Amino acid sequence: MSQQAKSREAQLTSGLTPPGTAVSDLLRDLDRWALFLDIDGTLIDLADTPDGIVVPADLPANLDAVSKKLGGALALVTGRALPYADRLFQPYQFPIAGLHGAERRMSDGAIDCVTSTPEFELLKAGLFSDTAGWDGVLIEDKGAAVGAHYRQAPERQTDLEALMERAAADAGSDFTLQRGKMVIEIRPARASKGEALRSFLDEPPFAGRLPVAIGDDLTDEAMFKTANALGGLSIRIGEATLPDGNATQATMLLSSAAELRDILAGFAR
Ligand SMILES: O=P(O)(O)OC[C@H]1O[C@H](O[C@H]2O[C@H](CO)[C@@H](O)[C@H](O)[C@H]2O)[C@H](O)[C@@H](O)[C@@H]1O
Ligand SMILES: [Mg+2]
């Protein structure tokens with residue numbers, strides 16, 4: 001662990017208010033906070049495959065109850081495609097940013113979506129065919145984005161890095177590589193989770209509130225940075241040290257998605 005990460009770890013676990021207290025602070029001052037929640041690894045436990053996730057039965061209703069206590073100021077901010085993420089929490093629909101912030105449904109229901117192109121469809125088809133014989137590798141078609149998963153084939157990480165870097169270069173400047181947990185993605189470069197958080201805060205019912213951003217992966221660091229810059233709270237699920245050895249931008253930690261779900265369940269009551 002780098003020196004920077006060590007001092008960050010100490011800072012996070014020293015006299016700072018434990019995250020559980022920070023979140024329960026919301027109980028006292030409901031008009032003050034806006035909650036921005038990542039999905040995979042934050043609300044929902046990680047699974048071997050993108051479709052292997054299990055949504056705990058009480059989670060959708062708890063999210064709805066927390067949202068109502070915050071006057072609707074709860075948004076999901078995910079790398080998943082917006083329609084896929086929406087289905088996870090039926091019958092409820094929340095303000096949501098998908099594809100790492102590239103597409104968004106605002107509180108009034110208006111959707112700013114991003115669509116694929118014939119060229120990008122060809123690129124995705126090429127990835128499927130190039131990896132057809134790579135056991136355990138899973139190509140995830142997300143419409144205007146694509147993910148290459150190696151959770152079940154860690155030995156293929158280097159091959160996938162090279163393949164996705166070439167594909168991203170072919171895709172051009174409208175796209176960017178996004179690394180994550182056992183995945184490399186090519187996504188629209190037009191936004192980030194930090195920009196999505198800022199856009200929500202320009203609109204009711206988020207405007208005038210301070211952000212609480214909670215996430216678990218590299219893509220969420222942009223959300224943490226923006227929340228911190230706006231005087232809000234940033235909470236990472238997991239360690240203070242990122243896989244690359246750098247310290248997280250988050251100012252607080254939670255141990256697991258289960259711990260966050262318990263806090264939200266208590267807050268929902
Ligand atoms: O921003 P998030 O909501 O956290 O979404 C990030 C990515 O989540 C999914 O991949 C991750 O979760 C999978 C299921 O647990 C896991 O198998 C995979 O290894 C993780 O990387 C999703 O498949 C991606 O599209 C999201 O970008
Ligand atoms: Mg996540």
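Numbers at a glance
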item	result
The stretch 118-188 - Kirkwood radius from inverse mean 1/r over Cα pairs (Å)	11.8 Å
On Cα atoms only, tilt of 19-28 relative to the major axis of the chain in degrees	50 degrees
Cleavage-rule hits, chymotrypsin sites (Phe, Trp or Tyr not before Pro), the stretch 89-125, DSSP coil, Cβ neighbours within 10 Å at most 16	Tyr92
Computed FRET value (nearest 0.05) for Arg32 with Ala265, which takes r as the C-beta separation and R₀ as 22 Å	0.55
Cβ-based net charge around Ile214, under 9 Å, with every Lys or Arg adding one and every Asp or Glu removing one	-2
Ranked by how many other beta carbons lie within 10 Å on average, peptides 70-80, 104-114 from highest	70-80, 104-114
Relative contact order computed over the stretch 118-188 (Cα-Cα under 8 Å; 6+ residues apart), in percent	29 percent
Residues Asp51 and Arg166, FRET efficiency given R0 of 30 Å [Cβ-Cβ distance, rounded to 0.05]	0.65
Extreme residue, positive dipole direction of the chain, given options Ile44, Ala258, Gly143 (C-beta unit charges)	Ala258
DSSP bridge orientation in the chain - percent antiparallel, rounded to nearest 5	55 percent
Sulfur and carbon atoms: percent of accessible area, the stretch 209-268 [1.4 Å]	52 percent
Dipole magnitude (debye, nearest 20) for the chain, charges at Cβ of Lys, Arg, Asp, Glu	840 debye
Surface per residue (accessible, 1.4 Å probe) for the stretch 118-188, Å²	49 Å²
Lysine pairs in the chain with Cα atoms under 17 Å, if 8 or more residues apart or on separate chains	5
Peptide ranges 232-243, 38-49, 124-135, 206-217 listed from the most packed, as the mean C-beta count within 10 angstrom indicates	206-217, 232-243, 38-49, 124-135
Crossing angle, helix 257-268 versus the chain [Cα axis fit, 0-90 degrees, rounded to tens]	40 degrees
Selection from Ala168, Ala85, Ile186, by position along the positive dipole direction of the chain (Cβ)	Ala85
Under 13 Å, Cβ to Cβ, from Tyr150 - net charge with Lys/Arg +1 and Asp/Glu -1	-3
Helix 118-130 axis, angle to the chain major axis (alpha carbon atoms, nearest 10°)	70 degrees
Convex hull per residue volume in Å³, alpha carbons only, for the chain	124 Å³
Helical contribution to [θ] at 222 nm, DSSP H n ≥ 4, -39,500 (n - 2.57), averaged over the chain, rounded to 500	-11000 deg cm²/dmol
Of all accessible heavy-atom area on the stretch 118-188, the percent that carbon and sulfur account for (1.4 Å)	49 percent
Over the chain, relative contact order from alpha-carbon pairs under 8 Å, at least 6 apart, %	25 percent
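The values are calculated or read from the model by the stated rules, or taken from the named source; none is laboratory data. Keep in mind that what you see is a predicted model, and the values were worked out from it rather than measured. We place every Cβ from the backbone using ideal geometry, glycine too, and count neighbours over all the protein chains shown. Accessible surface areas use protein heavy atoms only, side chains included; no ligands, DNA or RNA. Shrake-Rupley method; radii C 1.70, N 1.55, O 1.52, S 1.80 Å.
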